[in-house]
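Let me begin by presenting the structure, written as structure tokens, before commenting on it.
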Amino acid sequence: MNSEDLVEIVFHGRGGQGAVTAANLIVAAALKDGNKGVQAFPFFGAERRGAPVRAFARISHTEIHLRSEIYYPDIVIVLDESLMDIVDVLKGLKKDGRVLINTRKKPSDFDFSKKYKVATVDATGVALKNEILVGGIPVINTPILGAVPKILNRVTLKSIQDTIRKKWNKDLAERNVKATKDAYDLVEVKS
Amino acid sequence: MNQVMIDTGNYIAAKAAVMCKPDVVAAYPITPQTTLVEGIANYQGKGEFKGEYICVESEHSAMAACIGASATGVRTFTGTSSHGLLLMHEMLHWAALARLPVVMCNINRVVGPGWNIWTDENDSISQRDTGWIQFYCSSNQEIFDTIIQAFKIGEHQKVSLPVMISYNAFILSHTSMPVYVPDQKEIDAFLPKRKPLWYLDPNNPITFGNIILPAEYEKVRFDMQKSQYYCKKLIPEISKEWKEKFGRFHGDLLEYYKCENVEYILLSMGAIGAESKVAIDNLRKQGLKIGLARVRTFRPFPQEEILKLSKNADLIIIDRNISPGMEGAVFSEIKASLYGKSDAKVYGYIAGLGGKDVTFGDIEKMCKKAIDGKTKHLEWYGLEGV
């Protein structure tokens, strides 16, 4: 890797859940928090609603020269638990890697919590509660981002919320901001 | 004051283009260029782009509209990709021979069939001989800065040529990175209004592009060559001015990275050129004396600079393109530049065609194999099952 301080994140979601937006929001927030080199990009393939999608984020204190995909992430974020049956979300995860999962389960319910630092949050529940829906389907991106500061100290909840307020208009922004706070309070982390 | 904007390469390109205040943008959407022209249309909707946006029915028409508008003396911009660029081919020659400084972004995308939306450089490389100045970018900041510089270069009265700014599909076009954006006033001061050498004016009618005899036509070509060569002097001047005004520098015709005290120089373009920096850092940590010269301009080609590098180092070249029946285009150009003047060994790789990912690890492997003397003159890297 080009620098010790580089954090690489892979988001796994289904088309429509907002994985790409999540990656964009987290790096915009990280930039506000003083990380000068950031990068967010989707994997482009046959993306469509419901199909497995991936998005990537890099966070660094210095300019990032990498332009390749992320193969060895520090953090994996799973927006849809059911993906774990069909996608090896832990593929390439580093030894001291962290996993954040949208689920009603506890971290200890996952076997790999013995090996990795696992965090869980019911982001779907948070999205439904705050009426964050597109076409009746809960959007997971902003709720799950609220949980990220609990597993990554390079991004603050405040910057995530400021980024959301900048992106959307007032009512929609405030509901999303509320969702990040709810997720932040609800997330369970097992180290 | 600088403002930091974080967005994808295409939206950054849209911002840069609009800040250059083109009078006419004519474009036809194609993946992965679409968000670039959508971005410009959005700026028009918000009133920030005050020029005319012409929706056309094809890329051939997009370039024809830019040519027509540019011939009236105004500033024009467009963007395209892959098959769109190829459909423009005739008009690309036309714009260059008419000496019209149209500026265009080309998002490097694979040419089909088989159908593929990912990146390689065969689309723009195949437009090599049209007379356009060609830049290849490796970051969103470089895209932003180069677009603004491109108008100044192309519109310079000793140049008066169109400029193509290429950047990789998705790897840059759809990747968000932070970009410093100067104030509009600072851009206006750097890039004054276009002063054309000639222009079409209904009140003072002239004809342009009429028949000329062989001896005169040859002079047209010679003059074009002179202008391309003049760019070798002008581009470094403009890069320097940009650096002094805005504090950023991406190189001249080449960007040098750790090229002191070297035995080997890696040459690559575009996104691979950025990834190569990580590879160079790692190789140098392992004690290898290697540096990087990232090729920014394919036309004019940095012949003299590369010849100079070859005096002290052997050269390893990675091409994300292929001229079938020959080799990678940059590899060919480099050998032509060295012919009879250098004893350097040159090794050529083809890598990343069809959008295949090229990682710093891949680049390190290519370099090490060449340094170990195990690379044939030309190799396809990582080709499986053939």
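Only strands (runs of 3 or more DSSP E) whose full extent lies in the range A:71-168 are considered here, and the ones with at least 3 residues that are surrounded by 15 or more Cβ atoms within 10 Å (Cβ to Cβ), in contact with a Gly (Cβ under 9 Å, 6 or more places away or on another chain) and modelled with pLDDT of 95 or more are A:75-78.
For the range B:89-123, enumerate the residues that are farther than 22 Å from B:Gln225 by Cβ and in contact with an Asp or Glu (Cβ under 7 Å, 6 or more places away or on another chain). Selection gives B:Asn106, B:Asn108, B:Arg109, B:Val110, B:Val111.
Can you tell me which residue is nearest to A:Thr142 (Cα to Cα) among those in the range A:13-22 that are away from every other protein chain (no Cβ under 11 Å) and surrounded by fewer than 24 Cβ atoms within 10 Å (Cβ to Cβ)? Out of the qualifying residues, it is A:Gly16.
The set of residues in the range B:355-386 that are in contact with a Ser or Thr (Cβ under 9 Å, 6 or more places away or on another chain) and β-branched (Val, Ile, Thr) comprises B:Val358, B:Thr359, B:Ile363. When B:Val220, B:Val179 are screened for being part of a helix (DSSP H, G or I) and either of a type in the set (D, E, K, R) or touching a residue at least 60 places away in the same chain (Cβ under 8 Å) (or both), only B:Val220 passes. The residues of the range B:277-308 that are open to solvent by 30 Å² or more (accessible area, probe 1.4 Å), polar (S, T, N, Q) and closer than 23 Å to B:Leu338 by Cα amount to a single one, B:Gln303.
For B:His250, the conditions (1) in a helix (DSSP H, G or I); (2) within 14 Å of chain A (Cβ to nearest Cβ) all hold with the exception of (1). In the range B:320-364, of all residues being surrounded by 15 or more Cβ atoms within 10 Å (Cβ to Cβ) and free of Cβ contacts under 8 Å to residues at least 12 places away in the same chain, the one that is nearest to B:Lys277 (Cα to Cα) corresponds to B:Asp357.
Quick check on my filter: what residues within the range B:254-276 are without any contact (Cβ under 8 Å) to a residue 60 or more places away in the chain and crowded, with 23+ Cβ neighbours inside 10 Å? Scanning the range B:254-276 gives a single hit, B:Ile265. Among the residues in the range B:185-194, are any within 14 Å of chain A (Cβ to nearest Cβ), open to solvent by less than 70 Å² (accessible area, probe 1.4 Å) and not in a helix (DSSP H, G or I)? Within the range B:185-194, none of the residues are within 14 Å of chain A (Cβ to nearest Cβ), open to solvent by less than 70 Å² (accessible area, probe 1.4 Å) and not in a helix (DSSP H, G or I). For the residues B:Lys233, B:Lys152, the requirement of being modelled with pLDDT of 95 or more and over 25 Å from B:Leu36 (Cα atoms) singles out B:Lys233. One residue alone among A:Leu90, A:Leu79 is away from every other protein chain (no Cβ under 14 Å), free of Cβ contacts under 8 Å to residues at least 40 places away in the same chain and of a type in the set (A, V, I, L, M), and that residue is A:Leu90. B:Ala215 meets the stated requirement of being surrounded by fewer than 10 Cβ atoms within 10 Å (Cβ to Cβ) and not in a loop (DSSP other than H, G, I, E, B). The single condition among (1) surrounded by fewer than 19 Cβ atoms within 10 Å (Cβ to Cβ); (2) touching a Phe, Trp or Tyr at 6+ places or on another chain (Cβ under 9 Å); (3) assigned to a loop (DSSP other than H, G, I, E, B) that B:Lys311 does not satisfy is (2). B:Cys367 meets the conditions (1) surrounded by 23 or more Cβ atoms within 10 Å (Cβ to Cβ); (2) under 27 Å from B:Tyr229 (Cα atoms) in every case but one. The failed one is (2). Among the residues making up the range B:1-33, those that are among the aliphatic types (A, V, I, L, M) and open to solvent by 60 Å² or more (accessible area, probe 1.4 Å) are B:Met1, B:Val4. With the condition kept exactly as written, say whether any residue in the range A:32-40 is buried (at least 22 other Cβ atoms within 10 Å of the Cβ) and at pLDDT below 95. No, the range A:32-40 contains no residue that is buried (at least 22 other Cβ atoms within 10 Å of the Cβ) and at pLDDT below 95. Could you tell me whether B:Ile171 is assigned to a loop (DSSP other than H, G, I, E, B), within 14 Å of another protein chain (Cβ to nearest Cβ) and not small (Gly, Ala, Ser)? Yes: the conditions hold for B:Ile171. Listed by position, the strands (runs of 3 or more DSSP E) contained in the range B:34-153 that have at least 2 residues being buried (at least 19 other Cβ atoms within 10 Å of the Cβ) are B:76-80, B:103-108, B:133-136. Annotation note: of B:Lys365, B:Lys374, the sole residue that is over 24 Å from the mean Cα position of the chain (by Cα) and within 14 Å of chain A (Cβ to nearest Cβ) is B:Lys365. Tally the residues that are at pLDDT 95 or above, under 16 Å from B:Ser173 (Cα atoms) and facing chain B (nearest Cβ under 10 Å), restricting the search to the range A:41-63. Count: 3. For the residues A:Leu25, A:Leu6, the requirement of being within 14 Å of chain B (Cβ to nearest Cβ), of a type outside the set (D, E, K, R) and out of contact with any helix residue (DSSP H, G or I) (no Cβ under 6 Å at 6 or more places or on another chain) singles out A:Leu6. A single entry from B:Leu283, B:Leu292 fulfils the requirement of being within 14 Å of chain A (Cβ to nearest Cβ), aliphatic (A, V, I, L, M) and assigned to a helix (DSSP H, G or I): B:Leu283.
The values are calculated or read from the model by the stated rules, or taken from the named source; none is laboratory data. The structure displayed is predicted, hence computed values, not measured ones. For neighbour counting, all protein chains shown are included, and Cβ atoms are generated from backbone atoms with ideal geometry for every residue, glycine included. All accessible areas refer to the heavy atoms of the entire protein, side chains included, with ligands and DNA or RNA removed. Shrake-Rupley method; radii C 1.70, N 1.55, O 1.52, S 1.80 Å.
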